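Read the figures in this text as sums done on the coordinates, not as results from a lab. Note that this is a predicted model, so its numbers are computed, not measured. Neighbour counts are summed over all protein chains in view; Cβ atoms, including those assigned to glycine, are modelled from backbone coordinates with ideal geometry.
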Amino acid sequence: MAQTTAPGAAQEELNPFKIAQRQFETAADYLNLDESTRQVLKNAKRQLVVSIPVRMDGGEVRVFEGYRVQHNIARGPAKGGIRFHPSVTLDEVKALASWMTWKCATVGIPYGGGKGGVICDPKSMSKGELERLTRRYAFEIAPIIGPDRDIPAPDVYTDEQTMAWIMDTISMVHGHTELGVVTGKPIALGGSQGRGEATARGCLYAVREACRVRGISLRDARVAIHGFGNAGANFARLVSAEDGARVVAIADSRAGVYNENGIGVQSALRHKAETGTIEGLANAAPIPRDEVLEVDCDILLPAALENSITLANVGRVRAPIIAELANGPVTPDSDRVLFDRGVFLIPDILANAGGVTVSYYEWVQDQYSYFWTEDRVRETLEQTMRDSFASVYATAERYRTDMRTGAYILAVGRVAEATRVRGIFP
Ligand code: GLU
């Protein structure tokens, strides 16, 4: 993430924001977008950098750096998660914010794109330290967030507890309960049914469509999952329980495991919950974590961080279908290699859009304080994902290009149109 070239692969650009801009430019070329509109859509509207002093359990104060970036608000308030991770950079948050703009436009929900991040190692912090960090970060970004301005949500190493602390902090500052200021909240606090598994469930709906297009059955299909956080773990659970697929390989941030006959997903989830890792899982062979990207399988889910598949390893990736459950896991140069090889790739801005889509339902429910059943959430999400997949697929076919470029053409076109009719202020 911080580095700019892949080891072993000469001169491949790995800066996520440069990658995001290149993906945008590709679509802008197809759309013949004028230079002025390109300038507006390429750059982040607002970037806030904050210092976050936190009293640690030992009594000393440590200062963390945090960011909130709003890339674009042409179609509605900024929307996007908050990431706590040691390798967060401002350019990474800018990339993630712009991917949110295109993601929300791809699935047609009325938001722009935003993202937040704090450079920290949450695994080495106590719950009290994390709460103080979260609350002070929320306070520092309070001037630019709000239900009508910018609505954060969970991302890597943040969860519904993090969102509850942010919601409480902002509510205390405002003097009244502000349900719609963040999404991904606990059900007890204005959260939505189905939000916890929404990223994975939305991706499953997209994968079902891809299998239909490719004429393969998900039943007994071999699935490899690289990343075992909220998205990866829920995907493993759903694809095995609901579609009868065989999860043959899993990696988390520490280890990889493999069993060609299928890993017991329930025992993997239990092992992870009990020990914090999938390392040492019974009935599966240990493999290096990045080899999970290269195992013989039918569907590969990169579900970890950016730049998992680069020129350095794309030649060894064997899956015919790839669904990007993470944001930015495949570099543009690898995209080209995979496309030329006939691999069907469902891009992040479609594949993982189920999370923000159900975040949108949560925000709508909070606005009118009327809550949906889980069935209604699932049905509406399924419809959105199927329709969006069909639109992206049709666009890719029409322009004779890959699914990522198809999604970008659709999304950039929608945001450019909103920008054009709004005009430039003043
Ligand atoms: N962090 C998630 C994403 O990258 C969810 C964002 C949201 O729900 O606002 O899409």
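Of the residues in the range 47-75, how many are assigned to a loop (DSSP other than H, G, I, E, B) and surrounded by 15 or more Cβ atoms within 10 Å (Cβ to Cβ)?
Residues that pass the stated criteria total 3.
Mind listing whichever residues of the range 369-386 are closer than 23 Å to Tyr408 by Cβ and touching a residue at least 24 places away in the same chain (Cβ under 8 Å)?
Those that are closer than 23 Å to Tyr408 by Cβ and touching a residue at least 24 places away in the same chain (Cβ under 8 Å): Leu381, Thr384, Met385, Arg386.
Take Ser171 and tell me if it is surrounded by fewer than 24 Cβ atoms within 10 Å (Cβ to Cβ) and either of a type in the set (Gly, Ala, Ser) or within 29 Å of Asp387 (Cβ to Cβ) (or both).
Yes.
Filter the range 317-328 down to the residues that are buried (at least 16 other Cβ atoms within 10 Å of the Cβ) and without any contact (Cβ under 8 Å) to a residue 40 or more places away in the chain, then identify the one that is nearest to Ala20 (Cα to Cα).
The extreme case among them is Glu324.
Could we say that Glu279 is part of a helix (DSSP H, G or I) and of a type outside the set (A, V, I, L, M, F, W, C) here?
When the stated conditions are applied, Glu279 does not pass them.
Go through the range 327-363 residue by residue and tally those that are among the aliphatic types (A, V, I, L, M) and within 16 Å of the ligand (Cβ to nearest atom).
8
Find the helices (runs of 4 or more DSSP H) located wholly in the range 79-180 whose residues include 3 or more that are of a type in the set (Gly, Ala, Ser), in contact (Cβ under 8 Å) with a residue 24 or more places away in the chain and within 14 Å of the ligand (Cβ to nearest atom), and list them.
Fully inside the range 79-180 and qualifying: 90-106.
If I filter the range 123-131 for residues that are surrounded by 16 or more Cβ atoms within 10 Å (Cβ to Cβ) and either closer than 30 Å to Gly413 by Cβ or touching a Gly at 6+ places or on another chain (Cβ under 9 Å) (or both), do I get at least one hit?
Taking every residue of the range 123-131 in turn, none turns out to be surrounded by 16 or more Cβ atoms within 10 Å (Cβ to Cβ) and either closer than 30 Å to Gly413 by Cβ or touching a Gly at 6+ places or on another chain (Cβ under 9 Å) (or both).
Note down all Cβ pairs under 6 Å where the first residue falls in the range 348-368 and is polar (S, T, N, Q), the second is near the ligand (Cβ under 8 Å from one of its atoms), and they're at least six residues apart or on different chains.
Qualifying pairs under 6 Å: Asn352/Thr199; Ser359/Ala153; Ser359/Thr183.
Write out, first by first residue and then by second, each pair whose Cβ atoms fall under 6 Å of each other, whose residues are 6+ apart or on separate chains, and whose first residue, in the range 183-208, is under 23 Å from Tyr370 (Cα atoms) while the second is of a type in the set (Phe, Trp, Tyr) and within 13 Å of the ligand (Cβ to nearest atom).
Thr183/Trp363; Ser192/Tyr361
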